[in-house]
Structure formats: structure tokens, C-alpha cells
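The values are calculated or read from the model by the stated rules, or taken from the named source; none is laboratory data. Here the structure is a predicted model, which means the values were calculated and not measured. No Cβ is skipped: glycine too gets one built from the backbone with ideal geometry, and neighbour counts run over all protein chains shown. With ligands, DNA and RNA removed, areas are computed over all heavy atoms of the protein, side chains included. Shrake-Rupley method; radii C 1.70, N 1.55, O 1.52, S 1.80 Å.
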Amino acid sequence: IHERLVGSEMCIRDRLYIHRVLLNYMFHRSIHGVMSPGVQCLVDKTISSIHHGDIVHPCVRFCEHGCIGHKWWMVYTPYYGADPALENPILCYGNSETEKCPDTWIFHSEIKPKPTIGYNSDPNLLIDNNSLIVFWRENQTQRCTEDKSSRATYAVRISEDEISEYPHPILTAKEEFCDSEVSASIIKCNGRYIAYATKVRFFFKQVRRLPKPIRKIVDQLLLGIDLLGIYPTHKSYGIAVWEGRSLGQTFELKAVNRIKGTNHLYQPWHLDVFEYQNKLYAIIQTNQCNADICLAHSSDGVNFEFFKLPLITNKSINKIGIYKPCAIVVDGIFHLFYTAQDLDNRELNKFYHTSIPFNDLLDKLNG
């Protein structure tokens, strides 16, 4: 019986693979990335053995003159076995004090422990006035309830002398079924703070309200329709832009715009933003599952457009489970950080780094 089940599962996977190949051909989705596969980075496991060294949602930042004694900083969350209870933001610093990217990351602190209800997610890092600002998103926690939200993004400032948590949420989402602050990335521009995030509908509220036995059947049907690329269960509306005068107040949602040049098969899920030579770029995970990593650019800081070719794909790096990336440009070199899973182990997310001169990358993307 076990052999029959395994054989049946493999047959379904094979058919789904063929179907996806056809969809990629129909909608001109490239399976070849323009960047080389990354090299795995080592990360200090001081915090806990239950994480198994698992990493998702990395956010890497570089400070030319150093901040709190180090030039390279990263915040991430573990997510071993897709367990949200582990998804608590952890701060690390790199073992490099030059422009050379670190190959090892050293534990600094756990920013926020597991809440009693709900879970943490989506950390982000901003270097501001010789301090580190760490952001994270809470999902249906007690704190969210107290702030009259379903989900919210919070922050803590870390300096040489103290650690202080901001009392108010930075971003809020009141709806249970839709969120405009998924994977928020925050920058500072002309004295104001701007947050970029994806707006996502997680599921149909009409389905959530069905009786449980019926809902299970409908959920399975919707999952099948999603996997076949007919209609997405999760709907992405594009990039949400928030603005705030300070981190001491909740930001205001200014706009939600669809990303120009979005492939029919893409539903942008997570992102990170960075500035280079007075232009804004977004590095984007194109789907929750079966994702590519793509680059988008913006001239006005509000509207973004995809470059046509992906940076990496599952096929081009021979991995699965590509998840939220981040990127920075240091001394003219574009550094891409992402996580992925081995083909034979879907429990563990590993952390990779790859790089290329940024002008060379733009030539490839424009070529």
C-alpha cells in the first residue's frame, strides 16, 4: 500500500511538472536565471538547536562606517518544518569588517520571543543614526488585539547604550483576510520613513465562513485550481507604499500599485527594497510557492516595473522552496541573499549568497 501511495504521489508530481512546463511556455516565463547559484553561508546556531540552523526572511544591511561595532548586520527568522512557533526575529552580525561580504554570521540577540498566541514573521532592518532599527510583523497576537488589528508591524531601536521598543505599531492591518503590510521593507528618505510591502488577499472570506466539512472540500478544490495556474488562492494586488514622519507613530497607507510587467503566473509575495545611485529597486519573491526571484525598478518611488528576466529560479539553482530574498549594492557589487531547500529535504531552509557587478547585472537584464 505504501509503495502504491508513493508511486501515486510521484505520478501527480510528474504530471504537475509537465503542466507547469506548458504554462511557462504559454506565458513566456523563463526558467533560467541570469545570476549564478549562491554559496551557502554559515550562521551561528547559538540560539537553539531546535532551529537546525534554519533561516528564512533574511534582511542584510551594510554600514560603511560601522554601527554598534560592525559593518554587516542581518535579521532573520527560523522556520524549520514550516513551524510558525519558531518564526521569531534573530539579529546577527557578519564576520567581515570590510566591503567583502561575510561568509559567517554570528548571533547577537533574539529580538522577540514566541508570543503566547499568534506568531511573529517578516523581519526587516534599517540602519538609522548609528542605531539598528529592527522591524517584525505580528500575526493575530495579543498585542495586535490590543492595537485593534489583525496583524501589525512593530519595531525596536538598538544603540550602543540601550534597547528601546516603540510603543505603537508602525504599520497595521485590520482585516483578517487581506494585509497591506506583508514583508514590509522600510527606508528613510529626506527625513521621512517610507515602507514598501505587498498587499495580499490570503483567502476568500466567503470560504472561511462555510461549515468546516464543506470548507475542507472547497479548500482542496481551490488548491487544485491554484496549482494548475487557473486562479490563485492568494491574490497579490502589488506594492503598498506607506509613509510616516517618525517611528513614534503609525504610518499612513498612501498607495497600492500593481507592478508593471508582472507575468501572468506571478503573484508577488515577499520583497525587499534598496536604493542605488538615486534610484529605487525592489527584489521580489514572485509567488508564495514555486517562486522565482526577480528585480523591479522605480523612478518615482511609487510605481515599480519588473525586468523581464529572473535573477534566479528553482531550475537555475537546482533547488526548491526559494523564499524571500534581500539585496544590497556595496562598492558597485550587487549582493543577493536568498533561502532555498534541497530537493531531498523540504524541512530545512538554507541561506545562500551570490553576487555580480551591478552594472553587469543591469546589462544582462536589459539585454
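Details
- Sorting the segments 155-166, 60-71, 265-276 by their residues' average number of neighbouring beta-carbon atoms within 10 angstrom, most packed first, yields 265-276, 60-71, 155-166.
- Helix runs (DSSP H) in the chain reaching 18 Å along axis by Cα, Kyte-Doolittle at least -0.5: 2-26, 212-227
- Virtual paramagnetic centre 7 Å along Cα→Cβ of Lys315, amide N under 11 Å, in the stretch 265-288: none
- Cα gyration tensor shape for the chain, rounded if a/c is under 1.5, else prolate or oblate: rounded
- Neighbours of Asn124, meaning other residues whose beta-carbon lies under 9 angstrom from its beta-carbon, give a summed charge of -1 when Lys and Arg score +1 and Asp and Glu score -1.
- 222 nm mean residue ellipticity, helices alone, for the chain (DSSP H n ≥ 4; -39,500 (n - 2.57); rounded to 500): -5000 deg cm²/dmol
- Computed over neighbours whose Cβ is under 9 Å from that of Ala296, the net charge equals 0, Lys and Arg +1, Asp and Glu -1.
- Once both labels are positioned 7 Å from their Cα atoms along Cα-to-Cβ, the gap between Lys45 and Lys205 label points is 4.5 nm.
- In the elastic network of the chain, a GNM with C-alpha springs shorter than 10 Å, the most mobile of Leu86, Leu222, Leu22 is Leu22.
- A Förster radius of 35 Å combined with the Cβ-Cβ distance from Ile68 to Thr116 puts the calculated FRET efficiency at roughly 0.70.
- Under 5 Å, built H, 5+ apart or other chain: amide partners of Lys100: none
- Applying the Karplus relation 6.51 cos²θ - 1.76 cosθ + 1.60 with θ = phi - 60° to the stretch 320-336 yields 3J(HN,Hα) values of 9, x, 3, 10, 3, x, 9, 8, 8, 10, 10, 6, x, 9, 7, 10, 10 Hz, where x marks Gly and Pro.
- Accessible surface for Thr233 stands near 30 Å², nearest 10, in the context of the full protein assembly shown (1.4 Å probe).
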